[in-house]
1. Using the Kirkwood formula over every pair of different C-alpha atoms, what hydrodynamic radius in Å results for segment 20-109?
2. Taking only C-alpha pairs under 8 Å that are 6+ residues apart, what is the relative contact order of segment 182-262 in percent?
3. Taking neighbour counts of Cβ atoms within 10 Å as a proxy for exposure, in what order, fewest first, do Y175, Y50 appear?
4. What is the gain in length, in nm to one decimal, between R18 and D193 on full extension, counting 0.36 nm per residue of separation less the C-alpha to C-alpha distance?
5. Using the C-alpha gyration tensor of segment 65-154, what are the square roots of 5 times its eigenvalues, in whole angstrom, with the largest one first?
6. Restricting things to Cα coordinates, could you compute the convex hull volume per residue of the chain in Å³?
7. How big, on average over all directions, is the shadow cast by the Cα convex hull of segment 17-71, in nm²?
8. What Cys residues in the chain are without a partner cysteine, judged by a Cβ distance under 4.7 Å?
Amino acid sequence: MRPATASAPLEVSNDPWRTWGVTVKRLVDEAPNIFTIELAFNDPRVASEYRFEPGQFNMLYVPGVGESAISIAGQTSAKTLQHSIRAVGSVTRAIQRGGVGMQLGLRGPFGTSWPVATPSAPAAVHDLIIAAGGIGLAPLKAMIASVVHNRTQFDRVSVLIGARTPADLLYHLEYDQWRQAAIDVQLTVDRPDDGWTGQVGVVTLLLERLTLPHPTATRVFTCGPEVMMRYVAKSAESRGIPSQNIWVTLERHMNCAIGLCGHCQLGPEFICKDGPVLGFDRVRRWLSVYDL
Ligand SMILES: Cc1cc2nc3c(=O)[nH]c(=O)nc-3n(C[C@H](O)[C@H](O)[C@H](O)COP(=O)(O)OP(=O)(O)OC[C@H]3O[C@@H](n4cnc5c(N)ncnc54)[C@H](O)[C@@H]3O)c2cc1C
């Protein structure tokens, strides 16, 4: 986030408890029970100061209902923030019901981001594998947009997407744009429908079939059900990708988002501030403990 200057004195990042007013400008149904909202800050000064890194999340607050952690899926050219949400409980269902025009509170951004090379640290990555399951594509979407933008910093980039059915594939209108940026986009579903001619099976199948010319210079970023991420990591390691090159993003119930309430603790890690993006080596031990 940009440091405050005389012309921008709000210092959006300085107070993690400060909730900014936002308006739902657009709501798009992505898949059964999953929708994407675009949020505009009510105060244009906040809009101009707000910065996030791909992989971070916001706390979205529905007055009178509650607050939930939701990953930042992207930012539009009009500077609205995109969040893709599965309607599962009180907050997420209230946002779905509220629709366009709804007033929400937003705190953030919080948490760690995907360690992609940046203009200030180029050439850190040669090849990239992005593996997503279901709504797990949401925390990866802003990172894919950043890769498209900085495409020359990478050699081979593969995006492997798994979903239960073809109707559950998120952001399908974006795949062509990613492919035009020389990104290898591969899809697989658990249950095909009549029109499906693509792969059937789990996302690790796609990884197992990938050609990996530079395994030690390949990074893997994955998000989805934890069992899927464990298998992605196992498969990547078996292909010669070092475990320190593998990152996962984790979800736990959280209240404060700043490491105080302890709800999101996983072993010694607080998912809100040490994560949500964490090196697989750091969490491997905890992910193997049932129900932790
Ligand atoms: C870093 C991060 C990023 C996230 N990004 C996204 C995202 O991009 N999109 C998205 O849809 N979701 C995301 N989530 C998940 C989202 O925050 C939760 O689903 C949230 O609980 C939804 O709030 P709710 O009030 O609608 O549902 P809740 O009322 O919280 O209920 C959601 C579900 O969790 C169960 N539950 C409720 N409380 C607990 C508890 N204490 N322990 C265990 N289970 C409980 C409920 O029974 C229900 O099945 C993210 C979570 C984290 C931590």
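1. Every distinct Cα pair counted, the radius reaches 12.9 Å.
2. Over segment 182-262, the number comes to 24 percent.
3. Neighbour counts put them in this order, fewest first: Y175, Y50.
4. 58.4 nm
5. For segment 65-154, the semi-axes come out at 30, 14, 12 Å.
6. 138
7. Mean orientational projected area (segment 17-71, Cα hull): 4.8 nm².
8. C223, C264, C272
Readers should treat all values here as calculations from the given coordinates under stated rules, not as data from a laboratory. Worth saying up front: this structure is predicted, and the values here are computed from it rather than measured. Neighbour counts run over all protein chains shown; Cβ positions are idealised from the backbone, glycine included.
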